[in-house]
1. Would you list the helices (runs of 4 or more DSSP H) that sit entirely within region 1-97 and hold 2 or more residues that are closer than 18 Å to Ile119 by Cβ and at pLDDT 85 or above?
2. Among the residues of region 385-418, what is the count of those that are of a type in the set (Lys, Arg) and surrounded by 17 or more Cβ atoms within 10 Å (Cβ to Cβ)?
3. Which numbered condition trips up Ile122, out of (1) without any contact (Cβ under 8 Å) to a residue 40 or more places away in the chain; (2) out of contact with any Asp or Glu (no Cβ under 8 Å at 6 or more places or on another chain); (3) not basic (Lys, Arg)?
4. Can we say Ala248 is closer than 19 Å to Leu300 by Cβ and out of contact with any helix residue (DSSP H, G or I) (no Cβ under 8 Å at 6 or more places or on another chain)?
5. Tell me, which helices (runs of 4 or more DSSP H) wholly within region 388-483 include 1 or more residues that are modelled with pLDDT under 70 and assigned by the TED database to the domain that holds Gln513?
6. For region 372-408, which residues satisfy the criterion of being touching a residue at least 40 places away in the same chain (Cβ under 8 Å), under 30 Å from Arg209 (Cβ atoms) and more than 25 Å from the chain's Cα centre (by Cα)?
7. State all residues of region 621-631 that are open to solvent by less than 40 Å² (accessible area, probe 1.4 Å) and either charged (D, E, K, R) or more than 26 Å from Ile527 (Cβ to Cβ) (or both); if no residue qualifies, say none.
8. For Ser121, indicate whether it is open to solvent by less than 40 Å² (accessible area, probe 1.4 Å), under 27 Å from Gln184 (Cβ atoms) and modelled with pLDDT of 95 or more.
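The values are calculated or read from the model by the stated rules, or taken from the named source; none is laboratory data. This one's a predicted model, so the numbers in the text were calculated from it and none came from an experiment. Using ideal geometry, Cβ is built from the backbone for each residue, glycine included, and neighbour counts are taken over all protein chains shown. When the accessible area is computed, the model is the full protein with side chains, heavy atoms only, and any ligands, DNA or RNA have been set aside. Shrake-Rupley method; radii C 1.70, N 1.55, O 1.52, S 1.80 Å.
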Amino acid sequence: VSRQLKEEIRRGFARLEDPLAGLLAMLESSSDWKGKGHSLGYCITTELQLWIKAHPAVPQSGTQLKKLQARVLRMLSQCPANLLDPLISIYQLHTADRNYLLEHVSHLYLQGSYKEAAILSIKLKLQPDQDVEKMCTPLLLQDKVNLVEDYVAEFPELQRKLLQTLDTWCDPSFNIRDITRPYQGLSRYKPEKFNRRVLSKLVFRLLERFSVDPALCPNVINQRHLRTLNYLFYKRFVEKTMTEENWADHIQSTVGENRWLQEHLVRSLLRHCDARGAARWARHCRLPPDMLPWAVAEELQKLHMQDRVEEVTKSDNYDSSKKDYYQLPIPRENIHFLQTWEETLQCWEKVLQPGQVVGVDMEWKPSFGMVGKPRVALLQLALKDEVFLLDLPQLLEQAEAEGEKEKLSHFIQMLYSDAAITKLGYGMSGDLSSFAATSSALKDMQKQMQGVVDLLAVDKQVDGLAPEQSHEERGVRQPEKGLSLLVQHVLGKPLDKTEQLSNWEKRPLREEQILYAASDAYCLLEIYERLCKDPESFGLGSDLAESLVGKQSKKLRAKKQLNKQEAPSPSGQECQGPRTEPSCPPAPISPREFSVVCDNMLQGLGRYLRCLGVDVRLLDNEDDHRKAAEIARQEGRVILTSGLPYQTLRSQVGEGRCFSVNCSEKAKEQALQVLKHFNVQVSLSDIFSRCQ
């Protein structure tokens, strides 16, 4: 709005004997203000609101104000949302008679203006005097869920009433048509959005948003547990991808002392195995015989009392052979389960070493769709020769008892923000969001990450990486997917995922869980090493950084390299634009004085430099990248490498003794880049001066 128009509006108000009545008369006689956006009516109304603040002594009698309020109320159901607050403020509707306001909203409701009635109720805070079920039902039928959430947002008692109502509707014996019948002629009625499945999801969202105790909604919780129970039976008896011990852990934690779920458990057991197996579980759940099917009750009488759950059934088809799966290449004694801070600090000393490459994974108890984000129960850190499994619940409890509850988050921040340590993961963003739920201090950690490699980024780039299943396997073992598929493609055998859905919060962990957790982290090291050595055979570009490095790491490193010409980003971006030349270029040298060791992905560059007379050593394909650092230190050579290995190698040699080459360029361009950077002057006599 131009300054001239604003001044004209304010002069107009000053000339009016009753500005409030004048504005109302103008709005009533105009249709312009009903449109969306900043109409002239909106501009005049907001200017009056500001003008009244500057002139608080504008006289207005009580009787006169009540008359104006009655007129304004009739307009509010038609006016756009941006005019509601200014008009309520100008005409002081919060001071109006509450019964009169409630009566007006009730009139809107009876007219079928449910949305308008709810919005006005929210603006005037009338909800405590209204029936929450009556107000929200037509809104839910019109799929106006956001408005329903806003309606109860500031009133915990109404939140509980709404949740109890929704939970009642989710009872399998409740007839939802009893709710929908009175609203058959409702405009924008969406019956497909009003069913138990949708309502159940809404209940869980509201429980989480308003931090309400789930026990308030037993029907929804029971139905979710029942779906979990059915899912567990499918995994154990149909897919056959869950071990007996793992399955038993989840069954116990899902069913608990809930009689209704226990009855369902027994019926499901009868469908999937024999009466004797069902009787064992009935005894474990302490089910009274009179609630059991006759066959199960009879078997129960025959069983001797036992303290532990016995095996329900033996599956002849269950493939328990481990030889077909990825095997840890390190001995069992090199897997360490850490439950004290003394042990954990020794682990940190090994992990937080410059040049270290660490496989990182996390485990948590499956939520099976329940409320809240899962909390990390186990953190796995894999190094080349050993794996550390950190018992996070135990360590966090100890740290809190010692008054140092930020001890763990401090270590995690140091690890993830150190560009000299390469962190390998698979689907890291999901892991880190669960970490943030475990420790609030880690909420913004993704913004600080450096040196991070998320192997999930390879899934769509590795040639042939698609779920496959041979004819013989069909019906016996599920096709591999995710990390297991990547491990199978790169290392030859898939991961054994039968412990994936374990109860990771239960202690002690079973031996199968410990081996699974260690394998999940350690396989990342082997995948990374294999892909770096031979990227072309997997259909990847020779500059693996473009395939592997997470966006966060790229952005953060790009900032750091601006003032460090010898410390480029592993993404190779430093080679795509003009490089910043050092203020004092190195003194010119001849190729005979220049000695380099080329990493195994730069053999073409090495051969080209040797043609020009440079003293070159080449790593073989099977050599570890770290061998380049050993050779460089022993023989005084400069390391030429590319992408992610640069991050590991640069910290193991002196300043300026490691250089990152752009792998997207041909050998000639790479050679020119190296010669220019180190100021190597090539003469005709240097060419082919060395044995090729």
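1. Values: elements: 3-15, 19-28, 40-54, 62-76, 81-90.
In region 1-97, 62-76, 81-90 are the helices (runs of 4 or more DSSP H) which contain 2 or more residues that are closer than 18 Å to Ile119 by Cβ and at pLDDT 85 or above.
2. 1
3. It is condition (2) that Ile122 fails.
4. For Ala248, the condition - closer than 19 Å to Leu300 by Cβ and out of contact with any helix residue (DSSP H, G or I) (no Cβ under 8 Å at 6 or more places or on another chain) - is met.
5. Numbers: elements: 392-401, 407-417, 428-438.
So the answer is 428-438.
6. Ala399
7. Selection gives Asp623, Asp624.
8. Against the criterion (open to solvent by less than 40 Å² (accessible area, probe 1.4 Å), under 27 Å from Gln184 (Cβ atoms) and modelled with pLDDT of 95 or more), Ser121 qualifies.
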